[in-house]
Structures are given as C-alpha cells and as structure tokens.
Amino acid sequence: MGQPRARAALVPVSIQDLGTLGGAVSQAKAVNRRGQVVGTSRDALGRTRAFLWEETLGIVDLKPLTGVNTSANDINDTGEIAGGGDTGFGDFHAYLLSAGTSFDLGTLGGNESEALAVNRHGQVAGHSRGAGAPMKHAFLIAEPGTMIDLGTLGGATSIAHDLNDRGEAVGLAETKAGEPRAFVWTATDGMRDLGTLGAASMALGINDRTEVVGGSGHAFLWTAGGGMLDLGTLGGRTSCANAINDAGWIVGVSQTGETDARGLPVTHAFLRTPDGSMLDLGTLGGEHSAAVAVSDEEGGILRIAGHSHDASARMRAVLWAVRLG
C-alpha cells in the first residue's frame, strides 16, 4: 500500500451550508485547496444550474453554456472547472471553463457528453455517446481538441469518473457479460478490471499514487500491490468511497445502522484517515449526508465537499473543514 503514513490528530469538524441559487436543493461536487467549491443548484425557476462558491463571494451561477440546465462537476487548484450543459440546440455537451472562457469540448460523435473530472494540467475525463450509439463511453481529453474513447471491458457502457495528474482515469465499465466493474485506465496499459468485493463495483476516485477508491457493496481502496481492500462502514450494511487525496485521506458515504422517519437506512458522510480510522462527519441537522470530494491539505485544513439534509430535510451543498493536529 505504498509508504507508511503517520497518524494525524483531528480537531472536530465544522460544517457550512453553502446555500442555493434560489431553489430548494443544491449539491457540492468538488473542492480545491483554495476552498473554491463547485456543484449544482436549483434556481428560482426550478432549473438545474452549475455554481461556484467562494468564501468571499458566496454562491454564484457559472452560466458556462447558453442552455437551460448545466452542471459543474470538478475544479482543479488553478480554478479550471469541468461539467456539462445544454448547448441551446437540444444537445448536452461537456465543457471546460478556464480563465473566464468556456470551451465546448464536443462529443464522441453523438449528441451528449459530460465532463466529470479535470486535473491540474487541464486534462478532462467523462462520458459521451458516439455517433448512432445509445450507450455512453468513457473519454479522456489529454490534448486540447482530441477526445479519446477509452472503450469498455467488453460490454456496451463505460464512464470515467476521475482523473489524476498523471493522466490515469478510473470509472465503471461493463464486461462482456454486462457486469459493472471498476476500472483504471492508463495510456500504456489501457483499461484494467479492478475486480469486486463480491458485488458490482465502480471506481470513483484516484490520486497521484494510483490509489483508487470506489464502491462494491462496501467502500474500497485499491492499490497495485494490495488489490481491493474493504474499508467497512459506519455500522450499516453498505458504504461507498467517493474521493481520495494525495495523502491518502478518503471521503464517502455509509449507512449507519439506524433508520430515518420513513424507515429507510440513515446515511452519513465519512472521512477515513490514512491510518484506517473512519470518522462520521455528521449532518446539517437532518438525517442524511454524503461527502463526495476532498482537497489536498492547505494551511493544516482539509476541505470536504458534499451535501446534507438540513433540519427541514432539504438537501443543501455543504463544506466540511477538518483541522489536522
């Protein structure tokens, strides 16, 4: 599992409601080490809109493309943002917002694409439909203007969920038998099946050490040397790891073993430390939360983005801050 890591003391976390663009619902999708957060929010007209949140500015509509519905899925440490949006012509295209300019990244030949990840070099990964093809394929844009189809594991569909600074992508791909499997893709070796913990698997995060996290019934951590490690839960039946930073801090969501007012399993955001401890990050006062992204440490602070129900059961984008002792 690579180099040993020292235990880090944690100071209790803070959680901040990032608000909405006028509607009732918002979700944060990514955070960088500067504390900038991107995600989606309903506006006052009920449309789904991409947002950027900063401490000094609050939440603002990014307006990356000309259509009605847009998403912002990732932001790198230089502030470049990747997502998708209506083009105004009935299509939905991936975009990259860089230095105030939005670039339509096109598709693999079909009418739909969406960017889910951007690394510090401005390389982008996501999924797109091909010409005349109903199924999505994972893509990578390693050089501007060139969208590479990453293929599948023999099946019809694949999606690239994350990308590290080495240009390695991870996601989900179907096998010939139609089974969803976590994969890692590299330019030298192509797409590799990472296996499962006994259930369908998907990979959702990768760091620059090629450590991969995702879900297969339980949250997992995969390494080339150790294979797929079951990370357990917060006491419930299922969990999923959504992101990992370069120091090995992992965030995700887990059932707690409790049930909510509707009799459904309670789910809480978690932070897993490099030494293997799993911390419940709590909620805004409601019963459910999920952590989907974690920044690299900056000034002794880890920033974690996700969403939580508030006391009125409304879903809100949130930012957790954890001080490392």
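Read-outs: derived from the displayed coordinates by stated rules, not from any lab. Only a predicted model underlies this, so the values are computations on that prediction, with no experimental measurement involved. Reconstructed Cβ throughout: ideal geometry from the backbone, glycine too, with neighbour counts over all protein chains shown.
Taking 0.36 nm per intervening residue step and subtracting the Cα-Cα distance, what contour gain separates LEU45 from ALA261 on full extension?
On the way: separation 216, 0.36 × 216 = 77.76 nm, distance 2.96 nm.
Stretched out fully, the LEU45 to ALA261 stretch lengthens by 74.8 nm.
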Point to revise | For LEU21, distant residues with modelled amide H under 5 Å away | key: ARG42
Point to revise | Backbone N within the range 102-135 under 15 Å of label point (7 Å from THR146 Cα along the Cβ vector) | key: 123-124
Revision key, fill the gap. Candidates VAL253, VAL37, VAL25; GNM for the chain (alpha-carbon contacts under 10 Å) flags as most fluctuating VAL25
Revision key, fill the gap. If one builds a Gaussian network model of the chain from Cα atoms under 10 Å apart, the most fluctuating residue listed among LEU45, LEU97, LEU62 is LEU45
Review point. By a straight-distance test (C-alpha under 19 Å), which lysines pair with LYS176 as possible cross-link partners, with residues fewer than eight away in the same chain excluded?
Key: LYS136
Check your understanding: Which whole-Hz couplings ³J(HN,Hα) result when phi for each residue of the range 306-323 is put into the Karplus expression 6.51 cos²θ - 1.76 cosθ + 1.60, θ = phi - 60°, listed in order with x for Gly and Pro?
Key -> x, 8, 8, 6, 8, 5, 9, 6, 8, 7, 10, 5, 9, 10, 8, 10, 10, 8
Practice item. Could you work out which residue, out of SER295, SER113, SER14, moves most in a Gaussian network model of the chain, that is, has the largest mean-square fluctuation with Cα springs under 10 Å? Key: SER14
Check your understanding: Setting aside same-chain residues fewer than 8 positions from LYS29, which lysines have a Cα under 20 Å from its Cα?
Key -> LYS63
Study note, to complete from the structure: If the chain between THR186 and THR101 were fully extended at 0.36 nm per residue, the gain over the current Cα-Cα distance would be 27.7 nm
Point to revise | Mean separation of Cα contacts under 8 Å (6+ apart) over length of the chain, as relative contact order % | key: 15 percent
Revision key, fill the gap. Here the range 219-229 yields Karplus 3J(HN,Hα) values (6.51, -1.76, 1.60; θ = phi - 60°; whole Hz; Gly and Pro given as x) of 4, 9, 10, 10, 10, 4, x, x, x, 9, 9
Revision key, fill the gap. Rounded to the nearest 5, the percent of antiparallel DSSP beta bridges in the chain equals 95 percent
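Could you tell me whether the chain comes out rounded, prolate or oblate from its Cα gyration tensor? Rule is a ≥ b ≥ c as square roots of the eigenvalues, rounded for a/c under 1.5, then prolate if a/b exceeds b/c, otherwise oblate. Show your work: numbers first, answer last.
On the way: a/c = 1.42, a/b = 1.09, b/c = 1.30.
Judged from the Cα gyration tensor, the chain comes out rounded (a/c under 1.5).
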Review point. Can you give the extra length, in nm with one decimal, that the chain gains between LYS176 and SER14 once fully stretched, where that is 0.36 nm per residue apart less the Cα-Cα distance?
Key: 53.8 nm
Review point. For the pair LEU324 and ASP77, how long in nm is the line joining their label points, each one 7 Å along Cα→Cβ?
Key: 1.2 nm
Review point. Is the range 194-325 rounded, prolate or oblate when judged by the Cα gyration tensor, a ≥ b ≥ c being the square roots of its eigenvalues, rounded requiring a/c under 1.5 and prolate requiring a/b larger than b/c?
Key: oblate
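Lys and Arg at +1, Asp and Glu at -1: add these up for the other residues within a Cβ distance under 11 Å of LEU284 and post the number. It would help to have the intermediate numbers written out before the result.
Numbers: positive: ARG314, ARG316; negative: ASP17, GLU287, ASP310.
Surrounding charge for LEU284 is -1.
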